Amino acid sequence: MQMKRNTLIALLALALSAWGTPNVQAQTEEQHLNHAVSYDLPRLVAQKGMENVYDAIGALPGIVVQNGVYTLGGRAIAVSINGETQNIPYNQLQELLRAMPASGIERVEIVHNPAARMQANAPLIALSFKRGDGESRPFAAEVGGDIALRHRTLFGERASGCFRTGPFSLDLSYLHSHGRVLDALRTDIPQVLSPSYEDITNTQERLTATSKHSYRLAATYTFGARHTLSATYQGFNTNNDLSVSNTYSHLGYADGKAKAWLHNARIDYVTPLGIRLGIEAAFYRAPERHVLMDYVNPFTLDPDFSPWLARLLKENLLVTDSLRTDLWRAYISGEHELNNGWTINYGAWFKKVKHNSVVHRRHQARGEYSVSWHYPEEHFTTAYVGLSKRFGEKLSAEVSLSADYYHHVMTTQWRALPTFSISYAPCEGNVLSLSVSGSRDYPHYSDLNGISQPDNGGRLYTVSDSWPMPSLHYQAQLSYVTKGGFQFRTWYNRASGRVMQQPYANSFLDYVLLKNNNIDRHQQVGLQAVMPHEFGSWLYTCLTLGGAWTRDKHEARMWEEAVDSRIIHGEAQFTGVATLCTKPNIALSVDAFGQTKTQQGLWELPARMQVDMSLRWTFLKDMATLRLFCNDVLADGTPKYRYMYFTNEFDMRNVPRRQVGMGLTIRL
């Protein structure tokens with residue numbers, strides 16, 4: 001009876017959370033100087049029972065999933081682990097973060113406009129992990145598993161451990177996920193884009209039998225007078241068997257095998273003089289093989305077709321490709337304190353990326369065979385210098401300038417990119433910050449490999465040989481953080497050459513191409529408010545409200561379409577964690593996200609809303625956690641895409657499906 005009463009009170013408080021008392025989150029002097037915003041993420045992780053670091057990052061205020069990527073202020077995020085910025089592509093980083101336990105997070109900071117010394121070209125999520133006490137508890141471990149059902153079953157087993165003794169520390173994490181994943185994509189192609197001059201409706205179901213292994217091993221040794229040597233190895237390998245079926249306008253199927261593995265190793269050395277040295281190497285392989293068999297419904301090709309003349313058009317296409325990417329990187333940096341409170345930082349880094357891809361295509365019905373090779377190289381060189389100073393106890397400033405050089409077979413560019421930030425603390429715990437920065441985003445390796453796959457009955461092609469150029473971004477941001485943790489932020493972004501995936505109808509109007517191209521100009525003016533609240537020790541809530549005006553502008557070239565879109569859109573995000581009872585320790589978590597209609601270039605994204613709920617039970621003297629969850633309760637959180645071809649609509653939407661499951665974590 002007591003538990004029922006607490007449950008009703010908790011649900012009522014979640015609805016009325018705006019009337020609560022603000023949650024106190026103090027900022028340290030170091031965070032003020034670094035112009036970073038700190039969040040009490042470890043407590044939220046413990047209350048919600050989150051298992052991995054990737055899901056924990058998604059709980060930060062302002063983080064939005066856009067095209068499967070975590071974004072902050074409209075830009076994809078960068079991540080640093082214990083001061084080391086990760087340089088591998090986002091999809092590879094995502095796999096590695098899922099293998100790291102969320103319980104190991106000690107502190108999280110967000111730097112919206114990182115200085116050049118942080119070696120990040122995007123908003124930075126700085127993660128610091130617990131070092132532990134090598135004397136009282138030299139060894140700690142955590143094991144767990146979870147099961148998720150979304151029309152098919154997916155399993156996961158994970159283990160992590162850390163060992164501390166004197167100046168030596170060792171961390172290990174491992175994740176094995178396996179099972180089946182079912183996704184459905186529904187496509188409506190208008191008459192003007194159809195070779196039969198009839199509307200085409202197609203539903204494609206993709207069943208993937210997957211097995212993934214992700215692992216990370218990090219060792220640190222401190223010797224002498226503040227000499228620190230650290231080595232990190234991380235990697236993963238995946239093995240996927242694909243089965244794709246098409247129904248309605250196209251009857252067909254496709255089978256495929258896709259493998260991928262990554263090896264990434266780095267060594268960092270810190271001297272007592274403030275000099276840091278490091279080298280890094282990464283090797284990525286991704287061979288694939290696809291067999292596509294398509295039976296086209298004749299009624300969609302010939303409106304006057306007579307059923308007495310049965311005819312099925314059979315197309316058989318074999319695609320075999322192999323992608324290889326090698327990365328080498330080296331850097332040197334230094335930071336020294338000067339007289340009168342000044343600090344100087346400087347450094348340089350060099351990176352070389354070599355791509356190699358081979359694609360074989362065999363069209364059995366047409367007797368065609370083709371093979372193509374792509375082996376571009378990219379060279380990156382950056383040198384920077386910066387100054388920072390604290391003017392008394394209330395004012396601090398930092399300025400830096402970096403010279404950025406990029407070389408590719410298609411272009412050679414260099415830019416001077418400035419960064420400036422200033423913070424003022426009018427009273428204890430309150431900080432007003434202004435920052436202006438310039439940065440560059442580089443094309444993803446998948447856009448340089450020349451691998452293009454037919455999809456959705458052969459009416460949709462994803463093209464990966466568009467060779468986009470680096471994009472240039474400038475951002476100005478004004479933010480105010482109160483002692484109670486309230487945050488108010490406004491920004492202006494301007495980008496030239498921003499990469500966006502755009503749809504184009506080919507010259508014969510028989511299929512649609514999806515290509516990542518540079519658009520001429522992207523502008524955004526945004527506002528955001530983060531309002532955390534705490535009701536004693538039994539309820540925590542956080543409400544994030546934001547809105548932006550966005551404009552995309554692109555002049556048509558050759559067969560491209562012009563883009564000139566303006567739209568005002570809003571977002572709301574709510575997180576609530578209520579402790580239903582303390583004995584047993586049970587908590588209810590509700591996460592909700594809503595977004596109004598928005599636009600990305602030629603794509604229109606209708607309004608959507610997603611609600612996730614979970615129930616967490618901690619037992620065995622807080623050594624074990626059981627979590628029950630249901631994601632996308634309303635089945636409306638899956639993004640939908642609409643492409644307007646003149647007055648016709650070309651719709652693509654993933655069929656929304658709820659996901660339910662449970663996870664168990666035991667700490668040793």
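The values are calculated or read from the model by the stated rules, or taken from the named source; none is laboratory data. Please read all numbers here as calculations on a predicted model, not as lab measurements. Using ideal geometry, Cβ is built from the backbone for each residue, glycine included, and neighbour counts are taken over all protein chains shown. SASA here: full protein model, heavy atoms, side chains in, ligands and nucleic acids out. Shrake-Rupley method; radii C 1.70, N 1.55, O 1.52, S 1.80 Å.
Candidates Arg98, Arg152, Arg131: the one that is of a type in the set (Lys, Arg), modelled with pLDDT of 80 or more and more than 23 Å from the chain's Cα centre (by Cα) is Arg152.
The strands (runs of 3 or more DSSP E) falling completely within segment 438-512 that include 1 or more residues that are at pLDDT 70 or above, under 23 Å from Thr411 (Cβ atoms) and among the hydroxyl-bearing types (Ser, Thr, Tyr) map to 471-481, 487-496.
Here Thr550 fulfils each of the conditions (1) more than 20 Å from Leu434 (Cα to Cα); (2) at pLDDT below 90; (3) among the polar types (S, T, N, Q) apart from (2). For segment 82-95, a tally of residues being modelled with pLDDT under 80 and open to solvent by 40 Å² or more (accessible area, probe 1.4 Å) returns 2. For segment 622-640, filtered to residues that are surrounded by fewer than 14 Cβ atoms within 10 Å (Cβ to Cβ) and modelled with pLDDT of 85 or more, the residue that is farthest from Thr598 (Cα to Cα) is Met623. The lone criterion from (1) at positive phi; (2) crowded, with 21+ Cβ neighbours inside 10 Å left unmet by Ala578 is number (1). Of the residues examined, Val79 is not one that is over 19 Å from Arg329 (Cβ atoms), in contact with a strand residue (DSSP E or B) (Cβ under 8 Å, 6 or more places away or on another chain) and either open to solvent by less than 20 Å² (accessible area, probe 1.4 Å) or not in a loop (DSSP other than H, G, I, E, B) (or both). When the residues of segment 391-422 are filtered to those that are of a type in the set (Val, Ile, Thr) and in a strand (DSSP E or B), the one that is farthest from Arg329 (Cα to Cα) is Ile422.
For segment 51-76, filtering for residues that are of a type in the set (A, V, I, L, M, F, W, C) and assigned to a strand (DSSP E or B) leaves 5. If you check Phe380 against the conditions, is it open to solvent by less than 60 Å² (accessible area, probe 1.4 Å) and touching a residue at least 24 places away in the same chain (Cβ under 8 Å)? It is true that Phe380 is open to solvent by less than 60 Å² (accessible area, probe 1.4 Å) and touching a residue at least 24 places away in the same chain (Cβ under 8 Å). Beta carbons closer than 6 Å, at least 6 apart along the sequence or on distinct chains, pair a first residue in segment 652-664 that is of a type in the set (Gly, Ala, Ser) and modelled with pLDDT of 85 or more with a second that is part of a loop (DSSP other than H, G, I, E, B) and open to solvent by less than 30 Å² (accessible area, probe 1.4 Å) for Gly663/Glu51.
Restricting Ser370, Ser333 to residues that are in contact (Cβ under 8 Å) with a residue 60 or more places away in the chain and of a type in the set (S, T, N, Q) narrows the list to Ser333.
Which members of segment 598-634 meet the condition of being farther than 30 Å from Val499 by Cα and small (Gly, Ala, Ser)? The answer is Ser614, Ala624. Note on segment 305-343: among residues that are of a type in the set (Ser, Thr, Tyr) and farther than 18 Å from Ala116 by Cβ, the one that is modelled with the highest pLDDT is Thr325.
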